[in-house]
Every structure is written in structure tokens, then in C-alpha cells.
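K.L.:
Take a look at the following structure, please.
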Amino acid sequence: MHTIQRRALLGTGLGLLAAPATLRAQAAAWPSRAIRMVVPFGAGTSTDIMTRLVSQRMSATLGQPIVVENRAGAGGVVGSDGVAKSAPDGYTLCMGSIASHSVNMSLMPNMPYDVLRDFVPISLVTNAPNLLVISPKIPAKTLPEFIAWAKGQRNGVSYASAGNGTSSHLAGELLKMKTGAPFEHVPYRSGSQAVTDVVAGNVPMIVYQVTAVLPFVKDGTLRALAATSAQRLELTPDIPTAIEQGIADFDVSAWHGLFAPAKLPDAIRDRIYGALKEAVNAPDLRAQLLDQGLLPVAMPPAEFRPWLEADIAKWREVVRVSGAKAD
């Protein structure tokens, strides 16, 4: 072998050996400056409020400021895409949601990113549980009674949502798939408008955030039939889940999760997860999140990725069967 070839091979080998050492050094030095946390939705949204609460606590643990940046547009796509195309150095993160990092994968054509290819899923952060509520004008006291009543309506039964492609829309479609009830979707411009029309008795049903509908349940202008989570909710322990009432695997929560650009070093990912876990397990922060109707979660990266894959697959099937489209 020529001397030049030997030197070239030796240089390549040294480069391969140096790469892990460089990554370890980068991880050990991280973070050495401010971290940017992108919220792909507007200021004042539930995602924004939650992110600011969590980021403040994570910042104290990491010893560097976390700057929250709102980059709204296209149902979370604009801000998320910016993060996907950022350097995987731990200084740009994204607080994604069921919309931006699950449903949109099958709901929107020509997505500029693939969640499972272009992001590192760090952790599920919160679940925003829903209640299935109906107008008290409907003669049903349980979910099975409501399904039986709906199947007896010749002209179908409408349900309200916060708009085409929202989690409240797809929750209704999932219930239709699982029960065969003749539900018809009625989209509104906002969740508050949809809830108001159900309270007025103009639309029989909606699946929506527990904090938004609970005041109406308490004053009797809405009747809660089921929690749409895997377990009963802390805020409504007397309301059974849909699963308890025979609707298998009906687990519908508007979740939030923390993501980084693909190829983020595992050591930095694990440090971010550690700071997040410490944050959401702090009693005062947990109380603040619960007040916002959010259930704190700290799901390790090794668990979050397969969980995310299953969630994307679930909503892909709902979108396929229902033909749902985004506005």
C-alpha cells in the first residue's frame, strides 16, 4: 500500500474516532447559551401558556434562558417546519401538539416535514383531556343510551366541533367509526361557538376540552356522558370513561410534546428530558398545569417515539375512513 493511501486511511480512522469525542464534548458543554423554544401557535393559546410555564422551570434547571417564540401558521406547520430545518444542537426546540405532530401528517397534503424522520421526539409533556357532552334535551343519561338513541334517529345526529380537522372533529369521527352511529359533523369557527350551540340545544353533542365544558356541566346546561381519556379525570372522578362504557380504545386527548431537529445527540436529548421531567414533577408547576386543564406527563424518549407512531397511525385511519380535510 502506498504511503499516501496509508495516511489517507489513517486520517479517516482518526476522524471516525474523533467524531464521538466531539459529540461528547458538545454535549458536556451544552447549554452554553440561550435556548429557543418555538411554539407553532399564537400567543395566548393553551400551547403557549403551558410552554411558558414549563420553559421557565426548565431554564432554572439548565442554567440558561429559554426564549419562547411564537411562529403560528397552517395549523402548526410553519413553526414546526422551521425547527425541523434548524441545526440539531439542542438550541432550537419545538413544543408540538396533536395537530402539528400527528394529525397533520395525514390531514394535510404536501407536508414539508415528516415527524418521524425530521424530529427527535423528546417527551410527551401534557395531555388535555376531553369530555363528551350532550344537550340535556337528549333523553340519554349514559353513553350507551346516547348511542342507542342516535341509531334510532332517521335523519342522523349532528355533532359540533371547533373546525374541520380539529381534535374535536376527529373525535366525533372516531366515535362514529367505533359505534356505527349516524353522526354528522357540523364545524364551527371556534370551540367556544360550538359549545355555545350545544348549550343552546341546537346541536346534540360535542367532544371538547374539560375546562371549557365543565362549568356548563356543573350548572346543568350540558350533560357529561364520558371522559375520553384512558382513565377517569382528576377534575371529574365521577364521570366514567368511554372505554369503561364499552367503546374500546377510545382515548382522545389533545396532547403536547417536546421535539428537537433530527440527529440531535442522545446525550443532549437526555439532558433536555431530565430538565423537563424535573419541571413537570414539581408540585407547584403540576398544580398550575392542572388549573389549565392539562395533565402533566414526562414520558421518556424511548417510550414517546412508539407512542407517537401509534397516535399518527390511529388518526391516519380516522382521516382515511372519514375523508376529513383541513380548512
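The values are calculated or read from the model by the stated rules, or taken from the named source; none is laboratory data. Source: prediction; values computed, not measured. As a convention, Cβ positions derive from the backbone with ideal geometry for all residues, glycine included, and neighbour counts pool all protein chains shown. The accessibility values were calculated without ligands, DNA or RNA, using every heavy atom of the protein model including side chains. Shrake-Rupley method; radii C 1.70, N 1.55, O 1.52, S 1.80 Å.
K.L.:
Can you tell me which residue is farthest from Val103 (Cα to Cα) among those in the range 171-207 that are modelled with pLDDT under 95 and hydroxyl-bearing (Ser, Thr, Tyr)?
P.N.:
Ranking the candidates gives Ser192 first.
K.L.:
Follow-up. What number of residues within the range 29-44 are modelled with pLDDT of 95 or more and not in a loop (DSSP other than H, G, I, E, B)?
P.N.:
Within the range 29-44, residues that are modelled with pLDDT of 95 or more and not in a loop (DSSP other than H, G, I, E, B) number 5.
K.L.:
Now for a different question. Looking only at the range 196-228, filter to residues that are charged (D, E, K, R) and farther than 12 Å from Leu131 by Cβ; which one of those is least open to solvent (accessible area, probe 1.4 Å)?
P.N.:
Out of the qualifying residues, it is Asp197.
K.L.:
Looking only at residues that are in a helix (DSSP H, G or I) and touching a residue at least 24 places away in the same chain (Cβ under 8 Å) in the range 279-301, which one is nearest to Thr236 (Cα to Cα)?
P.N.:
Among those that are in a helix (DSSP H, G or I) and touching a residue at least 24 places away in the same chain (Cβ under 8 Å), it is Leu290.
K.L.:
Continuing with the same structure: With the requirement that a residue be crowded, with 21+ Cβ neighbours inside 10 Å and within 23 Å of Asp249 (Cβ to Cβ), what does the range 184-195 give you?
P.N.:
Of everything in the range 184-195, nothing turns out to be crowded, with 21+ Cβ neighbours inside 10 Å and within 23 Å of Asp249 (Cβ to Cβ).
K.L.:
Can you go through Val120, Val125, Val133 and tell me which one is assigned to a strand (DSSP E or B), hydrophobic (A, V, I, L, M, F, W, C) and open to solvent by 10 Å² or more (accessible area, probe 1.4 Å)?
P.N.:
It is Val120.
K.L.:
Could you grab the pairs with beta carbons closer than 6 Å, sequence gap of 6+ or different chains, first residue in the range 242-268 and farther than 22 Å from Leu116 by Cα, second one among the basic types (Lys, Arg)?
P.N.:
From residues that are farther than 22 Å from Leu116 by Cα, the pairs are Ile247/Lys178.
K.L.:
State all residues of the range 299-320 that are of a type outside the set (D, E, K, R), in contact with a Leu (Cβ under 7 Å, 6 or more places away or on another chain) and open to solvent by 10 Å² or more (accessible area, probe 1.4 Å); if no residue qualifies, say none.
P.N.:
Selection gives Met299, Trp307, Val319.
K.L.:
If you don't mind, another one. Looking only at residues in the range 272-294 that are touching a helix residue (DSSP H, G or I) at 6+ places or on another chain (Cβ under 8 Å) and among the polar types (S, T, N, Q), which one is modelled with the lowest pLDDT?
P.N.:
Gln292
K.L.:
Test of understanding: among Gln153, Gln209, which residue is polar (S, T, N, Q) and in contact with a Gly (Cβ under 8 Å, 6 or more places away or on another chain)?
P.N.:
Gln209
K.L.:
Answer yes or no: is there a residue in the range 251-271 that is open to solvent by 10 Å² or more (accessible area, probe 1.4 Å), within 23 Å of Cys94 (Cβ to Cβ), at pLDDT below 95 and under 15 Å from the mean Cα position of the chain (by Cα).
P.N.:
Yes, because at least one residue in the range 251-271 is open to solvent by 10 Å² or more (accessible area, probe 1.4 Å), within 23 Å of Cys94 (Cβ to Cβ), at pLDDT below 95 and under 15 Å from the mean Cα position of the chain (by Cα).
K.L.:
Kindly indicate whether any position in the range 272-288 is among the polar types (S, T, N, Q), surrounded by fewer than 15 Cβ atoms within 10 Å (Cβ to Cβ) and over 21 Å from Val83 (Cα atoms).
P.N.:
The answer is yes, given that some residue of the range 272-288 is among the polar types (S, T, N, Q), surrounded by fewer than 15 Cβ atoms within 10 Å (Cβ to Cβ) and over 21 Å from Val83 (Cα atoms).
K.L.:
Please enumerate the residues belonging to the range 136-164 that are open to solvent by less than 10 Å² (accessible area, probe 1.4 Å), under 23 Å from Pro187 (Cβ atoms) and assigned to a loop (DSSP other than H, G, I, E, B).
P.N.:
Gly163
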